[in-house]
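Contents: one structure, followed by commentary.
Where a number appears in this text, it was derived from the coordinates with a stated rule and is not lab data. Given the structure is predicted, the values throughout are model-derived calculations rather than measurements. Cβ sites come from the backbone with ideal geometry, for glycine too, and all protein chains shown count toward neighbours.
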Amino acid sequence: MQTQVTDAILNQAVESLRQGKVVAFPTDTVYGVGADPFQPDAVRKLYHIKGRPLDKPIPILVGSLGAVEHVARDLPPAFFALVKQFWPGALTLVVPARALPPEITAGGTTVGVRMPAHPIALELLRRFGGAIATTSANVSDAPPATNAVAVQEQLGEQIAFILDGGPTLTKVASTVLDLSVSPPRIRRHGGISAEQLSVYVNPLTE
């Protein structure tokens, strides 16, 4: 259901997430589709809706730095330097996971976390409680959706809400930097360049 964003709709979207449903919403990069990271059945819905391979972990969006502590642990010093410079923004950081359902981590020990620079996403995160398991709102291997109409066309009625925030700001996916390995490695190139990252992480591999 494609929906204009109002205060009441945001609250309904939060309630849908709490009920284990899936919600799509705009971020600064592309539209995301999200679920409660602590409800395994809800996370499995994300995989099913997207046709996402089960061995591909799902990252988590956070609404504050404090929310990271609920999903991650043993954060290295570089993490804090990077988030100070690039969050909110197009940088996903892979760090050791804290007691998350295996559906999130695909059975691994790490999790990707990011704080989006979009007011609707941040408000949804704030109202929900700080963290939402989120992946791009598209069928796997299809182009990421950058507006609500594209989300509707690809995922349609399988989603409880599609919060329509207009076109996304950059239309470029986030850079994924893995801080769980040494030296840190760029797993996906995106909105933040290797040159920008190398100021704070050196050495850096790609």
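Here are a few things to note about the model shown:
- Residue-level check: of (1) free of Cβ contacts under 8 Å to residues at least 24 places away in the same chain; (2) over 20 Å from residue 19 (Cα atoms); (3) not in a loop (DSSP other than H, G, I, E, B), residue 41 misses just (2).
- In segment 181-203, residue farthest from the chain's Cα centre (by Cα) [restricted to those that are farther than 15 Å from residue 89 by Cβ and surrounded by 18 or more Cβ atoms within 10 Å (Cβ to Cβ)]: 201
- Looking across 78, 90, one residue alone is closer than 16 Å to residue 136 by Cα and surrounded by 15 or more Cβ atoms within 10 Å (Cβ to Cβ). It is 90.
- Taking the criterion of being within 26 Å of residue 97 (Cα to Cα), in contact with a helix residue (DSSP H, G or I) (Cβ under 9 Å, 6 or more places away or on another chain) and either β-branched (Val, Ile, Thr) or surrounded by fewer than 20 Cβ atoms within 10 Å (Cβ to Cβ) (or both), the only residue of segment 149-178 that qualifies is 175.
- Being in contact with a strand residue (DSSP E or B) (Cβ under 7 Å, 6 or more places away or on another chain) and in contact (Cβ under 8 Å) with a residue 60 or more places away in the chain is a description that applies to residue 176.
- Residue match in segment 13-25 (condition: out of contact with any strand residue (DSSP E or B) (no Cβ under 6 Å at 6 or more places or on another chain), on the phi > 0 side of the Ramachandran plot, among the small types (Gly, Ala, Ser) and crowded, with 16+ Cβ neighbours inside 10 Å): yes
- Whichever residue in segment 80-97 is hydrophobic (A, V, I, L, M, F, W, C) and outside any helix (DSSP H, G or I) and, among such residues, is nearest to residue 172 (Cα to Cα): 90
- In the condition set (1) surrounded by fewer than 16 Cβ atoms within 10 Å (Cβ to Cβ); (2) farther than 26 Å from residue 169 by Cβ; (3) not hydrophobic (A, V, I, L, M, F, W, C), residue 70 is compliant with all but (1).
- Subset of segment 153-206 (residues that are among the β-branched types (Val, Ile, Thr) and out of contact with any His (no Cβ under 7 Å at 6 or more places or on another chain)): 159, 162, 168, 170, 172, 176, 181, 186, 192, 199, 201, 205
- Meets criteria (touching a residue at least 60 places away in the same chain (Cβ under 8 Å), assigned to a helix (DSSP H, G or I) and closer than 24 Å to residue 8 by Cα) for residue 163: no
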